[in-house]
Amino acid sequence: MPNWRISKYNKDNFIVETKSLYDGLNYCHDEKFSSLPLVSACTAFLIGPDLIATAGHCLKDKYDCKNQTWVLDYNETNDLFTSLGQVLFKNEQSYSCRELIGHSQTSKLDYAIIKLDRTVMGRRPLKLRTEGKVHNTEPLIVIGHPLGLPKIVTNDVSIRDNSLPNFFKTNVDVFSGNSGSPVIGIESGLVEGILIRGEDDFSLDVTQGCQRSLKCLNNDCRGESILRSTLLPLKKIHK
């Protein structure tokens, strides 16, 4: 999240100014999650003791990286001050960018690898696929923060198209804040890729004058594109 949204609360905590989906995005009141807060812009995941990976379009360059804060364990156990439009986090949850050590933001390659200001303790980095490619029938899960919401795990994800060299497409039901989410093979136990783009999130409910989640059948719409993890320059980074 951008640093300008963060304010000191006390010596142990900080707050993030926010709005609910209902107030911030004109999300229809009867839609699921409409009362939850919009906090983050993207998702990232740990790939080394002090390294995270995300989508390249989540930050512009090394200067933008320095102006971002990355928060661990953003979930529904965080205190939510709905009346004040604030979410409370512990200082120990936050990490800053020491260095942007890998970055690409093109139509064919969209990733960022960030070195944090310190080691993340008590966490095991996720293992990534480094050769070959995900099997066509591999069941998948996606972990992320759709629309900046608390962490959501999406199950029952399947591959729609595994023929492209840089990406594979899935039927996963996600939103814009899921950019950077790890897509994990249940059987392989590996991060098979990073979610980078997909279908539009909303459709307008003309009668109610508000936004609703765009609903697609399993093979309708264009699907969500996943950058293959084998394209990340991990050998160069770990030298």
**Message:** Looking at the range 36-66 only, could you name the residues that are more than 18 Å from Q93 (Cβ to Cβ) and surrounded by fewer than 18 Cβ atoms within 10 Å (Cβ to Cβ)?
**Reply:** G48, H57, K60, D61, K62, Y63, D64, K66
**Message:** Going residue by residue through the range 95-114, is there one that turns out to be surrounded by fewer than 13 Cβ atoms within 10 Å (Cβ to Cβ) and under 28 Å from L36 (Cα atoms)?
**Reply:** no
**Asked** Give me the pairs: first residue in the range 88-112 and without any contact (Cβ under 8 Å) to a residue 24 or more places away in the chain and not assigned by TED's automatic domain parsing to the domain that holds P182, second residue crowded, with 16+ Cβ neighbours inside 10 Å and of a type in the set (V, I, T), beta-carbon distance under 6 Å, and six or more apart or on different chains, which are they?
**Response** Q93/V71
**Qualifying positions in the range 177-222 - at pLDDT 80 or above, part of a loop (DSSP other than H, G, I, E, B) and not β-branched (V, I, T)** = S179, G180, S181, E187, S188, G189, L190, Q208, G209, L214
**Fill in**
The one condition G132 fails out of (1) surrounded by fewer than 17 Cβ atoms within 10 Å (Cβ to Cβ); (2) touching a residue at least 60 places away in the same chain (Cβ under 8 Å); (3) assigned by TED's automatic domain parsing to the domain that holds A41 is (3)
**Message:** Given the condition more than 20 Å from K32 (Cα to Cα), among the hydroxyl-bearing types (S, T, Y) and within 17 Å of the chain's Cα centre (by Cα), answer yes or no: does some residue in the range 208-231 qualify?
**Reply:** yes
**Item:** Spans of strands (runs of 3 or more DSSP E) in the range 2-82 with at least 1 residues within 30 Å of K127 (Cβ to Cβ), among the polar types (S, T, N, Q) and in contact (Cβ under 8 Å) with a residue 12 or more places away in the chain
**Value:** 51-54, 69-71
**Message:** Considering only residues that are touching a residue at least 60 places away in the same chain (Cβ under 8 Å), in contact with a helix residue (DSSP H, G or I) (Cβ under 8 Å, 6 or more places away or on another chain) and buried (at least 24 other Cβ atoms within 10 Å of the Cβ), which ones fall in the range 164-190?
**Reply:** N178, S179, G180
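Whether any residue in the range 143-163 is over 27 Å from D30 (Cβ atoms), in contact with a Leu (Cβ under 6 Å, 6 or more places away or on another chain), in a strand (DSSP E or B) and touching a residue at least 60 places away in the same chain (Cβ under 8 Å) is what I want to check.
Here is the first cut: in the range 143-163, the residues over 27 Å from D30 (Cβ atoms) are 158-163.
This time we only want the ones that are in contact with a Leu (Cβ under 6 Å, 6 or more places away or on another chain), so: none.
Checked the range 143-163: no residue is over 27 Å from D30 (Cβ atoms), in contact with a Leu (Cβ under 6 Å, 6 or more places away or on another chain), in a strand (DSSP E or B) and touching a residue at least 60 places away in the same chain (Cβ under 8 Å).
The values are calculated or read from the model by the stated rules, or taken from the named source; none is laboratory data. Everything numeric in this text was worked out from a predicted model, so none of it was measured. Heads up, the Cβs are rebuilt from the backbone with ideal geometry, glycines too, and the neighbour counts pull from every protein chain shown.
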